[in-house]
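To start, the structure under review is shown below, and the notes come after it.
We did not get these values from a lab; they are worked out from the coordinates using the rules stated. These figures come from a predicted structure and were not determined experimentally. Note that each Cβ is placed from the backbone with ideal geometry, even for glycine, and that neighbours are counted across all protein chains shown.
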Amino acid sequence: MRYPVQMPSLRDLQTPLVVIDAPTMQRNLARMAEAAAAGGKRLRPHAKTHKSVWIARRQLDAGAVGLCCAKPGEAEIFAAAGVDDLRVAYPLSPTYASRVLALMDRCRFSTIVDSLEVARGWSDVMVAAGRQLEVLVKVDSGLHRCGIDPLQHDAVGFVEQVSRLPGLSLQGLLSHPGHSYGATSRSEIEGIARDERALLVELADAVRVRGVEVREISVGSTPTALISASLDGITELRPGNYVFHDRTQVGLGVARWSDCALRVHASVVSMPAADRLILDAGSKVLSSDGGRGFGETPGYGAVLNERGSPDPSLLIERLSEEHAVVRLSGPSSLRIGDRVTIVPNHACVVANLTSTCVLADGEQVLERLPVDARGLVN
Ligand SMILES: Cc1ncc(COP(=O)(O)O)c(C=O)c1O
């Protein structure tokens, strides 16, 4: 893509700013796309992280088969932008029938079920409309959020019953090992990825014995994705956060600081005490999400030094909406008006909080990127 010759520098823009470094993001996209291709997996990135049509196109250009979305509102934005394969990996109620039918007119659309009652509801809707809704059975692989738990329920019977409902076309099984974020070691993350694969593959095999076709085994989270890429039996990976990475991915050993494509640029606006300074990025920018990782991740993001690693003397101790209160534990050369770069704890929520990100190459501004599908909670 071509950019206008005279674009400002990031220094010319007022803070707080959510900045996406284009070369870093492109490297993240390429690394995941290459791993998926090398492992023979389809890549369906979760667009909840960026919610951007521009970034979705880069993912599709890099080989993604389609997108995963959290809510129909997000899917509607991407369908309108021409993305032709969308999966809402959320337990939708049939009250969404008219919107789902409209999405099915625009793209190949699929969703998940983990309740027979809901599956029957969708079956009735689709039979009445003379349509076939592609569904995957959501399996709980340990996060204990949604999904049928094969250790507790007759999962084989459940999948078989869903497969026999008219108006539904069972595609396969889907899980999200979000408990990988609570892992305390690399080997625990590897174990979670392997256990997720074993659970789904064994369930699929047991279901196939009953004559039910299971085409798709869709797994994914960013911490496990590169491991799952090389495991057999899996057909699809759905990482989301990998496009940006964040302090949590660094804490989990999944990314380096230099892989963190999304950063918040903030300015010192007040230095009311020797051991305290105030930045202009509060919870409305950084969000109040804590960090995760194998070690301690105190505070609301990592303030980087000139070498691009966290400055241990600066702790973002407290946030109010517009202020970050930074505790200084050593001498600091920062003065009012100085700018700092922060790697947030959780990049997905930061992107959802701003209407526009700035796409940059180092200090050079390339363009302003709207967060097209932000705030679409239904
Ligand atoms: C159902 C589902 N699939 C995939 C993902 C992507 O996971 P991650 O953000 O770790 O890449 C998420 C994230 O919340 C999710 O909820």
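Just a few scattered comments:
- Pairs from Lys51/Lys138; Lys48/Lys284; Lys48/Lys138 whose Cα-Cα separation, in the structure shown, is over 21 Å: Lys51/Lys138
- Whole-number D in µm² s⁻¹ for segment 140-208, Kirkwood Cα-pair radius fed into Stokes-Einstein, 10 °C, 1.306 mPa s: 122 µm²/s
- Positive-end extreme of charge dipole, segment 257-370 - chosen from Met271, Ser258, Gly290 (charges on Cβ): Met271
- Remark: spin-label model distance Ala198-Thr356 equals 5.2 nm, labels positioned 7 Å along the Cα→Cβ axis.
- Of Met7, Met271, the sequence from fewest to most neighbouring Cβ atoms within 10 angstrom is Met7, Met271.
- Here the 3J(HN,Hα) profile of segment 289-301, calculated from phi with Karplus coefficients 6.51, -1.76 and 1.60 at θ = phi - 60°, is 5, x, x, 10, x, 6, x, 6, 10, x, x, 10, x Hz, Gly and Pro shown as x.
- Calculated mean residue ellipticity at 222 nm for the chain: -9000 deg cm²/dmol, from DSSP H runs with n ≥ 4 weighted as -39500 (n - 2.57), summed, divided by the residue count and rounded to 500.
- Cα-based shape type of segment 328-370, given that a ≥ b ≥ c are square roots of the gyration tensor eigenvalues and the cut on a/c is 1.5: oblate
- Here the contact order of the chain, divided by its residue count and restricted to Cα pairs under 8 Å and six or more residues apart, works out to 21 percent.
- Shown in residue order for segment 127-132 are the 3J(HN,Hα) couplings computed by the Karplus curve 6.51 cos²θ - 1.76 cosθ + 1.60 at θ = phi - 60°: 4, 4, 8, x, 10, 10 Hz (x for Gly and Pro).
- At R0 = 51 Å, FRET efficiency that the Cβ-Cβ distance of Ser185 and Arg339 yields, to 0.05: 0.90
- Top positive-direction residue, dipole computed over segment 271-378 with Cβ charges, set Val365, Gly299, Gly337: Gly299
- Ascending count of other beta-carbon atoms within 10 Å, so fewest first, for Thr248, Thr222, Thr24: Thr24, Thr248, Thr222
- Note that segment 219-378 carries a Kirkwood radius of 16.7 Å, evaluated over its alpha carbons pair by pair.
- Residue with peak Gaussian network fluctuation, the chain [Cα springs, cutoff 10 Å], from Leu237, Leu60, Leu151: Leu151
- Legend: calculated FRET efficiency, Glu322 to Arg31, from the Cβ-Cβ distance at R0 = 35 Å, rounded to 0.05, equals 0.45.
- For segment 1-95, the dipole from Cβ point charges (+1 on Lys and Arg, -1 on Asp and Glu) about the Cα centre works out to 200 debye, to the nearest 20.
- At R0 = 35 Å, FRET efficiency that the Cβ-Cβ distance of Asp275 and Ser9 yields, to 0.05: 0.65
- Segment 25-245: Rg to Rh, with Rh as the Kirkwood radius over Cα pairs: 0.95
- Residue-span extension gain [Arg57 to Val127] - 0.36 nm each, minus C-alpha spacing: 21.8 nm
- Projected area, mean over directions - segment 243-296, Cα convex hull, nm²: 4.8 nm²
- Distance between the modelled labels on Arg99 and Leu116, one decimal in nanometres: 2.9 nm (7 Å Cα→Cβ projection).
- Applying D = kT/(6 pi eta Rh) to the chain, where Rh is the Kirkwood radius over alpha-carbon pairs, T corresponds to 20 °C and eta to 1.002 mPa s, the Stokes-Einstein value obtained is 98 µm²/s.
- Net charge over other residues, Cβ less than 15 angstrom from the Cβ of Ile234 (K, R count +1; D, E count -1): -1
- Prolate/oblate/rounded label for segment 1-155 (Cα gyration tensor, a/c 1.5): prolate
- Ranked packing of 172-179, 306-313, 161-168, 329-336, most packed first, by mean Cβ within 10 Å: 172-179, 161-168, 306-313, 329-336
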